[in-house]
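Down below is the structure, laid out as structure tokens.
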Amino acid sequence: MVLFILGCANIVYDDKVQNLILDLSNDDYDTRMNASDRLTEIGSEAVPYIIESLNKDPYENETSESFNSRWNKVNVLGRINDKRAEDILIDRITNDKETHVRWRSIWALGNMADKKTYEKLDEKLESDDKFIRWNAAVALGSFDREEAIPVLLEGLESDDNWVRWEAVYVLGIIADNSTTDYLVKMLSDENDRVRQETCLTLGKIGDKRAIPYLIEALGDESAGVRWRAASALAEMGGIGSIGYIENALQKEQDLLARENLNNSLAKLIKD
């Protein structure tokens, strides 16, 4: 009788967790968030169920429910921070077709990453599949791992705007001076978001060799690039660029750009 009762209790518990996992794909935002919070409260006991469910999920978005489900599952795994989730998160990072799911998986994996995690991702860098190799490099770079640099530099030459943006952004996390010569070329990229991110990345790296290129970017056609170039110059402490920023400010018509140019100028003068 006791065994029967315990068996029934396990079934009820299983159903409870499975129903919460199903709610992660619900159309209603509050329902999804409630399920996420409750699964997080359950903690490690919910992890095997979530892993099993993720293993059954597609890599491509056939429906919006699929995206919500995958994103929320990896989010819960990151919040619980259970090492058993490592392999499924690496799988989602390297194979999922949805950018937001991959990036949330990187965040989740970062909560539990260690030397063995990096070794597993290093193995993916050797994959014959360019998609897997690229996503592994993005993850490793996000964890400030220099072994990702060669693949990330390849990404700067991609025809895909998003891939080039990812490459520039992640190189900003690593912030290695050896990438400066490659990055300054991206200030001429056809995509303004890539040019904007390049300014920020060069500011993070702080290599003064980039100063002349950033001064030139003060005249970019995009207001977002112009003020980010000024911000990068301020980060570098490029005192010699004060006059160039003052000239740019006199010509600037965009209100947000003017505000940020003023902020950069104030920072340089103060320093």
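Read-outs throughout are calculated quantities, based only on the coordinates presented, and are distinct from any laboratory measurement. Keep in mind it's a predicted model, so treat the numbers as computed, not measured. Here the Cβ is made from the backbone with ideal geometry for all residues, glycine too, and neighbour counts use every protein chain on show.
Assorted remarks:
- Between Ala266 and Asn177, the FRET efficiency estimated from the beta carbon spacing at R0 = 25 angstrom works out to 0.35.
- Here Lys267 is the anchor, and the lysines within straight C-alpha reach of less than 23 Å, apart from those fewer than 8 places off in the same chain, are Lys204, Lys208, Lys251.
- 12 Å tail of the calculated P(r), the stretch 220-259, as % of Cα pairs: 55 percent
- In straight-distance terms, cross-link reach from Lys16 covers every one of the lysines whose alpha-carbon lies under 29 Å from its own, apart from those fewer than eight places away in the same chain; here that gives Lys56, Lys73, Lys83.
- Straight-line cross-link partners of Lys130 among the aspartates and glutamates, defined as a Cα under 13 Å from its Cα and at least 8 positions apart when in the same chain: Glu154.
- With the convex hull of its Cα atoms as the shape, the stretch 14-112 has an orientation-averaged projected area of 5.3 nm².
- Summing +1 for each Lys or Arg and -1 for each Asp or Glu among the other residues whose beta-carbon sits under 10 angstrom from that of Val168 gives 0.
- Virtual paramagnetic centre 7 Å along Cα→Cβ of Glu60, amide N under 11 Å, in the stretch 129-154: none
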